[in-house]
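Working notes, structure below.
Throughout, read-outs are computed from the coordinates displayed, never taken from laboratory work. Here the structure is a predicted model, which means the values were calculated and not measured. Neighbour counts are summed over all protein chains in view; Cβ atoms, including those assigned to glycine, are modelled from backbone coordinates with ideal geometry.
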Amino acid sequence: MDQTITDTPLHQYVEVNDTYYRIYERYHPDLDQIARVRRAQPHAHVVVASRYSCPDCARNLPRMARIAEHLPGWTWEVFDSGENPERRAALNITRIPTFIVYDSEGGRELGRIVENPVSGTLIADLLGIVGAG
């Protein structure tokens, strides 16, 4: 049975903003596709650069929070890119949102989703990042 988690830093980020939360509530991802991501990469760490005022962040962070609910072995970290310019520069982030997927916390970078998914959906991009696409 699918373990659902809703207490990640990503969820906490989404829950405090009414716009983000409304988008989160309306999004229902493809659970079969997420299961493919989970099988290919049972554990990962994702660093997310965001800002509440960014329209692309408002579209994609709530959706990623829904996806995160079905990736229990994944950990999530969110930071405000405007308040952390040094970190943004150190991670070579030029546009937001940026989702950086690592094989583990402090591990090897597997790939990034920058601004919007290139394949059309966040899940499809994650499948490509974890080698299951």
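Things worth noting here:
- DSSP bridge orientation in region 35-133 - percent antiparallel, rounded to nearest 5: 60
- When Rg and Dmax are taken over the Cα atoms of region 1-115, they come to 13.5, 41 Å.
- Per-peptide average of other Cβ atoms within 10 Å, ordering 43-52, 113-122, 18-27 highest first: 43-52, 113-122, 18-27
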